[in-house]
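Heads up: the structure comes next, in structure tokens.
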Amino acid sequence: MPPGLESLGALLDQVADRQRQDFGQLDSEAKADGSLITACDRWSDAALVEGLARLYPGEGVLSEEGSQRVPDTEAYWVVDPLDGTTNFAAGIPYWAISLARFEGGVPVLAVLDVPPLRQRIVAIRGGGAWRKGKHLQPPSARSQVAGCASLCSRSIGVLQKLPQQRFPGKIRLLGVASLNLVSVAMGQTISALEATPKIWDLAAAWLVLEELGCPIRWLQRDPADLHAGQDLAQADFPVLAARDQSTLATFQPWADALVARA
């Protein structure tokens, strides 16, 4: 973690350690929206909310498993305690902890911890982004020959909407919305299309993408337009992200197809 964030890093270490211990050991249950939850999701959410209240008193918290209303504090946190519960519950070792601190309606600090890989990605608005303590370069500054593109399970249907057009990438479905998006910033994919991400899915990845110069196109609503007290339990933020503007334009027809009315 960058200097001054050691206590936050220690909190994340505690939660990540517990998740690695629980991985493959817990049963899951379905929530009302059909997604899965485990006892580890609930424990992780409580530990992060309580820890943030201790480290940053007076700052509100919006979390997937807790309050889903935008806090009315000047600064607040958006938390996904375990993004990728389906992977976690199925024994697939790929999930993330996502934290973002908001000021003025936008994320100013983002942390994505990937417990199974023991990797941590951090971004600070105006200061860049790091992975495992090393400063990251924009993906547009690096060669990318693989041409992989990330789709979520709900956006895969765009392939049927444009049957006469060849999809311009090798498709990957990683099962973790935050990591699907941040894979673009890491140079692992050239584009990512998410159909129904919630604010807690995208909050941290949003800042990482911006700090590494990756263009983002919000397809229906802009998360920068939130207001205090707004209930985001049912609010989706369909989004297209890409390594550069040219790639964004290439994938735009599939983004348009995603949100087009039947």
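Throughout, read-outs are computed from the coordinates displayed, never taken from laboratory work. From a predicted model like this one, the values you see are computed outputs, not experimental measurements. Using ideal geometry, Cβ is built from the backbone for each residue, glycine included, and neighbour counts are taken over all protein chains shown.
So the values come out like this:
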| item | result |
| --- | --- |
| Rg(Cα) / (2.2 N^0.38 Å) computed for segment 110-160, rounded to two decimals | 1.51 |
| Using distinct alpha-carbon pairs, which all enter the 1/r mean, Kirkwood radius of segment 124-207 in Å | 13.9 Å |
| Computed lengthening from Asp256 to Asp13, 0.36 nm per intervening residue step minus Cα-Cα distance | 83.5 nm |
| Nearest-ten-degree value, helix 6-22 long axis tilted from longest Cα axis of the chain | 80 degrees |
| Cα-based helix-to-principal-axis angle, 245-259 vs the chain, degrees rounded to 10 | 90 degrees |
| Alpha carbon centroid spacing (whole Å) that separates segment 126-147 from segment 170-193 | 14 Å |
| Mean separation of Cα contacts under 8 Å, 6 or more apart, over the residue count of segment 53-190: relative contact order % | 16 percent |
| Trypsin sites (Lys or Arg not before Pro) restricted to DSSP loop in segment 53-133 with at most 11 other C-beta within 10 Å | Arg118, Lys132 |
| Label corresponding to Rg and Dmax of the Cα atoms in Å when calculated from the structure given, among (i) 17.5, 55; (ii) 21.6, 71; (iii) 16.7, 47 | (i) |
| Set of aspartates and glutamates near Lys161 by C-alpha distance (under 12 Å), chain-local residues within fewer than 8 positions excluded | Asp256 |
| Simple label model, 7 Å out from Cα along Cβ direction - Ser143 to Phe167, nm | 2.7 nm |
| Label-to-label distance, nm, for residues given as Ser246 and Glu50 (7 Å Cα→Cβ offset) | 5.3 nm |
| Translational diffusion coefficient (Stokes-Einstein; Kirkwood radius from C-alpha pairs) of segment 6-135 at 25 °C, 0.890 mPa s, in µm²/s | 162 µm²/s |
| C-alpha long axis of helix 199-211 to longest principal axis of the chain, angle in ° | 70 degrees |
